[in-house]
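Trainee: Below are the structure tokens for one structure; questions will follow.
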Amino acid sequence: MRKKIVAGNWKMNVGLMEGMALADSINKSLIEKPYDEITVVLCAPFTHLTSLYEILKNGKISVGAQNCASEPSGAFTGEVSASMVKSTGAKYVIIGHSERRAHHREYNSLLNEKVFLALESGLKVIFCCGEILTERAENRYFEVLRRQVERGLFNLTKKQISNIIIAYEPVWAIGSDLSATSGQVQEIHAFIRELITEKYGVETGNNISILYGGSCNPSNAVKIFSKPDVDGGLVGRASLKAEDFIGIIEAV
Ligand code: PGA
């Protein structure tokens, strides 16, 4: 049985104190409500991970980072390695977010190195993929997604892929007023699941969780999450308000 997962991605928002207050309030709401079958993760800036872990360690929410270095250690000023992320108590790391692909020129082979290091360090990876608007308009999105998934993941073993969660995040829907329709999301999620099934077999294909991200909110979440290949969400803006984030968990 694959897991339902809702992960918040705070991006470069909220200072330490504000972030801890937000996490505390989400945590308290979840302790009161019986959503034990849903995995909830908060992906915060590196500077917040240790404190976040301290606040959340006795609750139901796991901690995640939003990136890690593509080298294991050494003279890489300003970088944070996967094993450092793990040492904070974090269990997850987002790799391949479109903002990193675009603003930091993170290409598929570099992301693949990060994926390996994260898995070696014992982290679970939320691996993002998604097309930009022109790729959708020109009907090239299947090809783009296939390339991202194959180059990012397909040299992993079957055991390693069991620690991967895929997030489909159409770039045109992130941070905008647009969200993909539930039909578009289902089409892509089924396609990604098929790619995994072809490569790793039916059991792995059935077990991998595929999340949707891109303007998820409590009102569109019910429809999107009702689709059979959608196993939860990677949530940006709506994870910055406890009420909205809880609303999305409720929708799942
Ligand atoms: P958004 O961001 O929910 O604000 O669109 C999603 C993401 O980038 O993960």
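Trainee: When you check residue 23 against the structure, is it without any contact (Cβ under 8 Å) to a residue 24 or more places away in the chain and either of a type outside the set (Asp, Glu) or touching a strand residue (DSSP E or B) at 6+ places or on another chain (Cβ under 8 Å) (or both), yes or no?
Mentor: Working: without any contact (Cβ under 8 Å) to a residue 24 or more places away in the chain: no; either of a type outside the set (Asp, Glu) or touching a strand residue (DSSP E or B) at 6+ places or on another chain (Cβ under 8 Å) (or both): yes.
Against the criterion (without any contact (Cβ under 8 Å) to a residue 24 or more places away in the chain and either of a type outside the set (Asp, Glu) or touching a strand residue (DSSP E or B) at 6+ places or on another chain (Cβ under 8 Å) (or both)), residue 23 does not qualify.
Trainee: Among (1) over 21 Å from residue 173 (Cα atoms); (2) exposed (fewer than 15 other Cβ atoms within 10 Å of the Cβ); (3) among the basic types (Lys, Arg), there is one condition residue 114 misses while meeting the rest; what is its number?
Mentor: Residue 114 satisfies all of (1) over 21 Å from residue 173 (Cα atoms); (2) exposed (fewer than 15 other Cβ atoms within 10 Å of the Cβ); (3) among the basic types (Lys, Arg) except (2).
Trainee: Next question. Just checking, which of 239, 226 is at pLDDT 95 or above, open to solvent by 20 Å² or more (accessible area, probe 1.4 Å) and of a type in the set (Ser, Thr, Tyr)?
Mentor: Values: 239 fails: open to solvent by 20 Å² or more (accessible area, probe 1.4 Å).
Selected residue: 226, the only one of 239, 226 that is at pLDDT 95 or above, open to solvent by 20 Å² or more (accessible area, probe 1.4 Å) and of a type in the set (Ser, Thr, Tyr).
Trainee: Within the range 195-210, does at least one residue satisfy the condition of being within 16 Å of the ligand (Cβ to nearest atom) and either more than 15 Å from residue 169 (Cβ to Cβ) or in contact with a strand residue (DSSP E or B) (Cβ under 8 Å, 6 or more places away or on another chain) (or both)?
Mentor: Pass one, the range 195-210, residues within 16 Å of the ligand (Cβ to nearest atom): 209-210.
Pick out the ones that are also either more than 15 Å from residue 169 (Cβ to Cβ) or in contact with a strand residue (DSSP E or B) (Cβ under 8 Å, 6 or more places away or on another chain) (or both) and you get 209-210.
So far as the range 195-210 goes, yes, one or more of its residues are within 16 Å of the ligand (Cβ to nearest atom) and either more than 15 Å from residue 169 (Cβ to Cβ) or in contact with a strand residue (DSSP E or B) (Cβ under 8 Å, 6 or more places away or on another chain) (or both).
Trainee: Which residue, of 131, 143, is under 21 Å from residue 196 (Cβ atoms), open to solvent by less than 10 Å² (accessible area, probe 1.4 Å) and acidic (Asp, Glu)?
Mentor: Step by step, each of 131, 143 is checked, and only 131 is under 21 Å from residue 196 (Cβ atoms), open to solvent by less than 10 Å² (accessible area, probe 1.4 Å) and acidic (Asp, Glu).
Trainee: Oh, and also: Show the residue pairs that are 6+ apart or on different chains and have beta-carbon atoms under 8 Å apart, the first residue being within the range 227-244 and β-branched (Val, Ile, Thr), the second being within 6 Å of the ligand (Cβ to nearest atom).
Mentor: Note: pairs meeting the criteria are 235/9; 235/213; 235/216.
Trainee: Still on this structure: Please go through the range 175-194 and pick out each residue that is closer than 20 Å to residue 223 by Cα, open to solvent by 30 Å² or more (accessible area, probe 1.4 Å) and of a type outside the set (Ser, Thr, Tyr).
Mentor: 175, 177, 178, 183, 184, 186, 187, 190, 191
Trainee: When you go through (1) modelled with pLDDT of 95 or more; (2) over 18 Å from residue 152 (Cβ atoms) one by one for residue 66, which number turns out not to apply?
Mentor: Failed condition: (2).
Trainee: Further question: State whether the residues of the range 94-101 include one that is open to solvent by 70 Å² or more (accessible area, probe 1.4 Å) and farther than 17 Å from residue 211 by Cα.
Mentor: For the range 94-101, residues open to solvent by 70 Å² or more (accessible area, probe 1.4 Å) and farther than 17 Å from residue 211 by Cα: absent.
The values are calculated or read from the model by the stated rules, or taken from the named source; none is laboratory data. Keep in mind it's a predicted model, so treat the numbers as computed, not measured. Every residue, glycine as well, gets a Cβ built from its backbone with ideal geometry; the counts of neighbours run over all protein chains shown. Heavy atoms of the whole protein, side chains included, go into the accessibility calculation; ligands, DNA and RNA do not. Shrake-Rupley method; radii C 1.70, N 1.55, O 1.52, S 1.80 Å.
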